[in-house]
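Single-structure report; data block below.
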Amino acid sequence: MPWWKRLIFSVISLIWGFVSLDYLYYAFSKLTNAKGKPENYKPESDGIMQLIGLFMFILWFCINAFYFWLLKKSSLQIDVVEEDYKTGKQTIKKKWFDIILQAAFILTGIIIRWAYIIYIYIPNA
């Protein structure tokens, strides 16, 4: 992958990881009915909100799957064929560097957002 594509995907991955933490927290609060008390649970309205939370989780996984598919299509399509010098067998090594790098950037964005909430947002609240 050219350096400029890798840079663009890295920025997108950092932003996606930064936003994902809040999105997943919101989806989890909808899924678990965190706003209300158990004695005030109404299946007609709260059950719908729990289904929306479940749909939000599924949507997040679908967006990630599409993003990683797009990364795989944008990276080099050539696999490396290596030959073991002792046995003479040939093995095919897949190129996973770009996908692992972008997953690390997504996790870095999540950690940066988490650190911001813990060390800056909560003490000032």
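Observations
- Residue pairs meeting the criteria (Cβ under 8 Å; at least 6 apart or on separate chains; first outside any helix (DSSP H, G or I), in the range 1-20; second open to solvent by 80 Å² or more (accessible area, probe 1.4 Å) and modelled with pLDDT under 90): 1/76
- The sole residue among 100, 48, 120 that is open to solvent by 70 Å² or more (accessible area, probe 1.4 Å), under 20 Å from residue 6 (Cβ atoms) and modelled with pLDDT under 90 is 100.
- Of all the numbered requirements in (1) farther than 18 Å from residue 105 by Cβ; (2) modelled with pLDDT of 85 or more; (3) of a type in the set (A, V, I, L, M), residue 15 misses one, and that requirement is (1).
- Each residue in the range 61-70 was checked for being within 11 Å of the chain's Cα centre (by Cα) and surrounded by fewer than 15 Cβ atoms within 10 Å (Cβ to Cβ), and 6 of them qualify.
The values are calculated or read from the model by the stated rules, or taken from the named source; none is laboratory data. Quantities reported herein were computed from a predicted structural model and do not represent experimental measurements. In this analysis, Cβ positions are derived from the backbone assuming ideal geometry, glycine residues included, and neighbour counts consider all displayed protein chains. Ligands, DNA and RNA are excluded from the accessible area calculation, which covers all protein heavy atoms including side chains. Shrake-Rupley method; radii C 1.70, N 1.55, O 1.52, S 1.80 Å.
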